[in-house]
Amino acid sequence: MAASVFFGPGAGKEAQAARRLLARAAALGLGRNAARPVNLVYTGGPGIKALNRRFLRHDRLTDVIAFNLPPAPVPGSPWGEIYICVPVAARQARAMGHSLRTELLILTVHGALHLSGMDDATPALRRAMNVRTAALLKKLSR
(Lines give C-alpha, C1' and ligand atoms only; values in the text may rest on other atoms or scores of the structure.)
Protein backbone atom coordinates (compact mmCIF):
# COMPACT_ATOMS: atom_id res chain seq x y z
CA MET A 1 0.00 0.00 0.00
CA ALA A 2 1.34 3.36 -0.95
CA ALA A 3 -0.41 5.40 1.75
CA SER A 4 1.30 8.43 3.15
CA VAL A 5 -0.12 9.45 6.52
CA PHE A 6 0.01 13.07 7.67
CA PHE A 7 -1.10 14.75 10.88
CA GLY A 8 -2.05 18.41 10.83
CA PRO A 9 -2.79 20.78 13.68
CA GLY A 10 -5.42 19.35 16.00
CA ALA A 11 -4.84 15.71 15.02
CA GLY A 12 -3.77 14.64 18.49
CA LYS A 13 -1.48 11.91 19.75
CA GLU A 14 -4.04 9.09 19.62
CA ALA A 15 -4.38 9.42 15.85
CA GLN A 16 -0.61 9.54 15.46
CA ALA A 17 -0.18 6.39 17.55
CA ALA A 18 -2.46 4.50 15.13
CA ARG A 19 -0.52 5.48 11.96
CA ARG A 20 0.16 1.94 10.69
CA LEU A 21 -3.31 0.65 11.48
CA LEU A 22 -4.89 3.63 9.69
CA ALA A 23 -2.78 2.95 6.59
CA ARG A 24 -3.88 -0.72 6.66
CA ALA A 25 -7.53 0.35 6.99
CA ALA A 26 -7.17 2.57 3.92
CA ALA A 27 -5.66 -0.32 1.95
CA LEU A 28 -8.62 -2.54 2.81
CA GLY A 29 -11.08 0.14 1.72
CA LEU A 30 -9.21 0.77 -1.52
CA GLY A 31 -9.33 -2.92 -2.42
CA ARG A 32 -7.94 -3.46 -5.92
CA ASN A 33 -6.76 0.16 -5.93
CA ALA A 34 -4.58 -0.36 -2.84
CA ALA A 35 -1.33 -0.11 -4.80
CA ARG A 36 -2.15 3.43 -5.89
CA PRO A 37 -0.60 6.22 -3.81
CA VAL A 38 -3.03 7.86 -1.39
CA ASN A 39 -2.53 10.62 1.16
CA LEU A 40 -4.30 10.26 4.50
CA VAL A 41 -4.52 13.57 6.34
CA TYR A 42 -5.79 13.77 9.93
CA THR A 43 -6.46 17.34 10.96
CA GLY A 44 -8.37 19.68 13.23
CA GLY A 45 -11.55 21.64 12.61
CA PRO A 46 -10.26 24.75 10.81
CA GLY A 47 -8.42 22.73 8.14
CA ILE A 48 -11.34 20.53 7.19
CA LYS A 49 -13.82 23.41 7.37
CA ALA A 50 -11.69 25.36 4.88
CA LEU A 51 -11.59 22.36 2.51
CA ASN A 52 -15.33 21.82 2.86
CA ARG A 53 -16.01 25.49 2.09
CA ARG A 54 -13.60 25.71 -0.84
CA PHE A 55 -14.32 22.47 -2.65
CA LEU A 56 -17.82 21.44 -1.57
CA ARG A 57 -19.27 24.88 -0.80
CA HIS A 58 -20.39 23.84 2.70
CA ASP A 59 -19.46 26.28 5.46
CA ARG A 60 -19.29 23.72 8.27
CA LEU A 61 -17.21 21.03 9.86
CA THR A 62 -17.44 17.50 8.51
CA ASP A 63 -15.91 14.20 9.49
CA VAL A 64 -14.30 13.00 6.25
CA ILE A 65 -13.68 14.32 2.74
CA ALA A 66 -12.19 12.20 -0.04
CA PHE A 67 -10.78 13.55 -3.28
CA ASN A 68 -9.88 11.55 -6.36
CA LEU A 69 -7.05 13.50 -7.96
CA PRO A 70 -6.53 13.97 -11.69
CA PRO A 71 -3.80 11.83 -13.26
CA ALA A 72 -0.38 13.42 -12.90
CA PRO A 73 2.56 13.01 -15.27
CA VAL A 74 4.91 12.35 -12.35
CA PRO A 75 5.20 8.66 -11.38
CA GLY A 76 4.07 8.01 -7.82
CA SER A 77 1.85 11.08 -7.60
CA PRO A 78 -1.13 10.63 -5.30
CA TRP A 79 -4.23 9.05 -6.80
CA GLY A 80 -6.41 10.44 -4.03
CA GLU A 81 -6.52 12.16 -0.68
CA ILE A 82 -8.62 11.48 2.39
CA TYR A 83 -9.01 14.21 5.02
CA ILE A 84 -10.38 13.30 8.44
CA CYS A 85 -11.30 15.78 11.16
CA VAL A 86 -10.12 14.32 14.47
CA PRO A 87 -12.26 16.56 16.74
CA VAL A 88 -15.41 15.60 14.80
CA ALA A 89 -14.33 11.95 14.95
CA ALA A 90 -13.89 12.25 18.74
CA ARG A 91 -17.38 13.71 19.12
CA GLN A 92 -18.88 10.94 16.96
CA ALA A 93 -16.95 8.28 18.90
CA ARG A 94 -18.41 9.53 22.20
CA ALA A 95 -21.92 9.59 20.70
CA MET A 96 -21.54 6.02 19.38
CA GLY A 97 -19.92 4.71 22.57
CA HIS A 98 -16.65 3.53 21.04
CA SER A 99 -13.06 4.72 21.02
CA LEU A 100 -11.58 7.52 18.93
CA ARG A 101 -9.32 4.92 17.32
CA THR A 102 -12.35 2.90 16.18
CA GLU A 103 -14.00 6.01 14.75
CA LEU A 104 -10.81 7.00 12.90
CA LEU A 105 -10.68 3.50 11.38
CA ILE A 106 -14.32 3.72 10.32
CA LEU A 107 -13.79 7.13 8.69
CA THR A 108 -10.57 5.99 7.00
CA VAL A 109 -12.28 2.98 5.43
CA HIS A 110 -15.27 5.16 4.51
CA GLY A 111 -13.03 7.67 2.72
CA ALA A 112 -11.17 4.87 0.93
CA LEU A 113 -14.45 3.37 -0.25
CA HIS A 114 -15.39 6.77 -1.68
CA LEU A 115 -12.09 6.88 -3.58
CA SER A 116 -12.85 3.41 -4.91
CA GLY A 117 -16.18 4.56 -6.30
CA MET A 118 -18.75 3.85 -3.58
CA ASP A 119 -21.35 6.50 -2.88
CA ASP A 120 -23.58 7.20 0.11
CA ALA A 121 -25.94 9.77 -1.42
CA THR A 122 -29.10 7.80 -0.62
CA PRO A 123 -30.17 5.80 2.44
CA ALA A 124 -29.80 2.51 0.51
CA LEU A 125 -26.31 3.40 -0.71
CA ARG A 126 -25.35 4.55 2.79
CA ARG A 127 -26.49 1.23 4.27
CA ALA A 128 -24.48 -0.69 1.65
CA MET A 129 -21.41 1.40 2.41
CA ASN A 130 -21.84 0.89 6.16
CA VAL A 131 -22.15 -2.88 5.69
CA ARG A 132 -18.99 -2.91 3.56
CA THR A 133 -17.16 -0.77 6.13
CA ALA A 134 -18.11 -3.14 8.97
CA ALA A 135 -16.97 -6.18 6.95
CA LEU A 136 -13.60 -4.58 6.19
CA LEU A 137 -13.07 -3.57 9.81
CA LYS A 138 -13.64 -7.19 10.85
CA LYS A 139 -10.85 -8.21 8.44
CA LEU A 140 -8.61 -5.58 9.99
CA SER A 141 -9.05 -7.03 13.46
CA ARG A 142 -7.82 -10.48 12.38
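The values are calculated or read from the model by the stated rules, or taken from the named source; none is laboratory data. What you see is a predicted model; the values in this text were computed from it and never measured. A quick note on method: Cβ atoms are made from the backbone with ideal geometry, for glycine too, and the neighbour counts reach across all protein chains shown. Note: areas computed on protein heavy atoms with side chains; ligands, DNA, RNA excluded. Shrake-Rupley method; radii C 1.70, N 1.55, O 1.52, S 1.80 Å.
One table, with the values for the structure above:
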item	result
Cα-based shape type of region 99-142, given that a ≥ b ≥ c are square roots of the gyration tensor eigenvalues and the cut on a/c is 1.5	prolate
Per residue value of the accessible surface for the chain (all protein chains in place, 1.4 Å probe), Å²	56 Å²
Relative packing of peptides 55-66, 75-86, 2-13 - highest average C-beta neighbours within 10 Å first	75-86, 2-13, 55-66
Antiparallel content of DSSP bridges confined to the chain, in %, to 5	30 percent
For Asp63, net neighbour charge (Lys/Arg +1, Asp/Glu -1) across residues whose Cβ lies under 14 Å away	+3
Three-way shape label, region 1-66, alpha-carbon gyration tensor, a/c 1.5	oblate
Pairwise label distance in nanometres, Arg94 with Asn68, each label 7 Å out on the Cα-Cβ vector	3.7 nm
Ranked by how many other beta carbons lie within 10 Å on average, peptides 102-113, 29-40 from highest	102-113, 29-40
MRE, 222 nm, helices only [DSSP H, n ≥ 4, -39500 (n - 2.57), over the chain, to nearest 500]	-16500 deg cm²/dmol
The chain - charge dipole about Cα centre, Lys and Arg +1 at Cβ, Asp and Glu -1, debye rounded to 20	280 debye
Shape call, region 56-142: gyration tensor on alpha carbons, a/c limit 1.5	prolate
Positive-end residue of Leu107, Ala134, Pro70, charge dipole of the chain with Cβ unit charges	Ala134
Cα centroid of region 6-67 to Cα centroid of region 78-142, whole Å	11 Å
FRET efficiency, Ala17 to Thr102 (Cβ-Cβ, R0 22 Å, nearest 0.05)	0.95
Förster radius 25 Å - calculated FRET efficiency between Phe6 and Thr122 (Cβ-Cβ, nearest 0.05)	0.20
Stokes-Einstein translational diffusion, region 37-99 - Kirkwood Rh over all Cα pairs, 0.692 mPa s, 37 °C, in µm²/s	257 µm²/s
